[in-house]
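Where a number appears in this text, it was derived from the coordinates with a stated rule and is not lab data. Since we're looking at a predicted model, the values are computed, not measured. Cβ: placed from backbone, ideal geometry, glycine included. Neighbour counts: every protein chain shown.
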Amino acid sequence: MIISASYKTDIPAFYGEWFMHRLRAGYCKMVNPYNRHVYSISLVRPDVDGLVFWTRNLGPFMPNLPEIRERGYPFVVQYTITGYPRALEAGVVPPDRSTEHIRQLARDYGPGVAIWRYDPIVTTSLTDADFHRRNFATLAGRLEGATDEVVISFAQIYRKTQRNMEQAARQLDFTWHDPADEHKRELVGDLVEIARRHGMQLTTCSQNQYAVSGAAPARCVDADRLSRTAGYPISAPQKGNRPDCACHASRDIGDYDTCPHGCVYCYAVLIRSLAQRRYHLHDPLGEFLFPPH
């Protein structure tokens, strides 16, 4: 079983102490959001093939990585670095710090451990297509040699995302729109070439319609990459979470509405104040990331 920690929230940035307590205890508990059933997930080494961490700030969690490795858990890190203006990302660490985290991961554990995510691509009056070309090139230059893959996707405009974007646009005086597919594919073609120049394969996350020549579908939970990291074969069935998802099967141990980063385009947070409140109420010694109520 591969453990995903977590595409629902930033466990390394905000809940690392809880994760380490649960890893040492050998289990955590979760609540099914649909039927409220409580179940336990084993985290003992024989039951866990590998770990996939998702984060925008690995800094608070990096001191834990040697212990995780010593306990025998192979891991990879899906690291989102977008470098957007504060109007879009109120609480994200500066990109010079997060790019250095990836470079440190490469020095300590090898360049295959970290995957850069330029994700999601959001088009606003602050971040138009030319901004993305320049910004992506700057970040790719900083990360050259430290990672071999960059994952992209375009923002999915769900109802709650639209509401949060519109509210932020009114308050912070910017405009936004969802570009036509042909404009997205044109941008992807340019990003593919920039990534190639810096030694990276560009992949698209669950959006095969934008996988232009030179791009490939992403597999964010990737047993093959974990195998290379571990030095022995790890197998898992392919079991995507949505259409076009090529991920291998995993068990995610996160929870929605718990990440206080404050990205206005985030699909995983309905209201930032709720996420902040839940973060402050979190018990790092508890069995649950957040207990049922």
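Per-residue Cβ neighbour counts within 10 Å put T147, T161 in the sequence T161, T147, beginning with the fewest. Residues H21, H248, H280, H183, arranged from fewest to most other Cβ atoms within 10 angstrom of their Cβ, appear as H280, H183, H21, H248. Here the chain is assigned +1 on the Cβ of each Lys and Arg and -1 on the Cβ of each Asp and Glu. Its dipole about the Cα centre then comes out at about 520 debye. For the range 17-102, the set of trypsin sites (Lys or Arg not before Pro) satisfying both a DSSP loop assignment and a count of at most 10 other C-beta atoms within 10 Å is given as R36. Have a look at I234, V38, T258 and report the one farthest towards the positive end of the charge dipole of the chain, computed about the Cα centre with Cβ charges (Lys/Arg +1, Asp/Glu -1). Of the candidates, V38 comes out farthest on the positive side. Within straight-line reach of K8, meaning a Cα separation under 20 Å, sit the following aspartates and glutamates at least 8 residues removed in sequence or on another chain: E17, E89, D119, D222, D244, D252, D255, D257, D283, E287. With the charge dipole of the chain set up from +1 on Lys and Arg Cβ and -1 on Asp and Glu Cβ about the Cα centre, the Cα lying farthest toward the positive end among the listed residues G112, V48, H280 is that of H280. Checking Cβ-Cβ separations below 4.7 Å across the chain identifies C28, C205, C220, C245, C247, C259 as cysteines lacking any candidate disulfide partner.
When +1 charges are put on Lys and Arg Cβ atoms and -1 charges on Asp and Glu Cβ atoms, the dipole computed for the range 12-154 relative to its Cα centre reaches about 380 debye.
Around V76, under 14 Å between beta carbons, what's the net of Lys plus Arg minus Asp minus Glu among the other residues?
Details: positive: R69, R117, R219, R225, R228; negative: D49, D108, D148, E149, D222, D224.
Charge balance near V76 sits at -1.
Counted by neighbouring Cβ atoms within 10 Å, the residues V221, V48, V31, V150 run from fewest to most as V31, V48, V150, V221.
Once you charge only the Cβ atoms, +1 for Lys and Arg and -1 for Asp and Glu, what is the size of the charge dipole of the range 1-67 about its Cα centre, to the nearest 20 debye?
Numbers: 7 positive and 5 negative charges, 44 e Å.
I would put it at about 220 debye.
Which is the longest part of the chain that has none of the chymotrypsin sites (Phe, Trp or Tyr not before Pro) sitting in a DSSP loop with at most 15 other Cβ atoms within 10 Å?
Values: sites that count: Y34, Y158.
That gives 159-293 as the longest site-free run.
Where in the chain are the helices, taken as whole DSSP H runs, whose Cα atoms extend 18 angstrom or more along the long axis and whose Kyte-Doolittle mean reaches at least -0.5? Long hydrophobic helices here: 129-143.
Note on the chain: dipole from Cβ charges, positive end direction compared against H132, L65, C205; the farthest Cα belongs to L65. Counting only aspartates and glutamates at least 8 places from K184 when in the same chain, those with an alpha carbon closer than 13 Å to its own are D128, D130.
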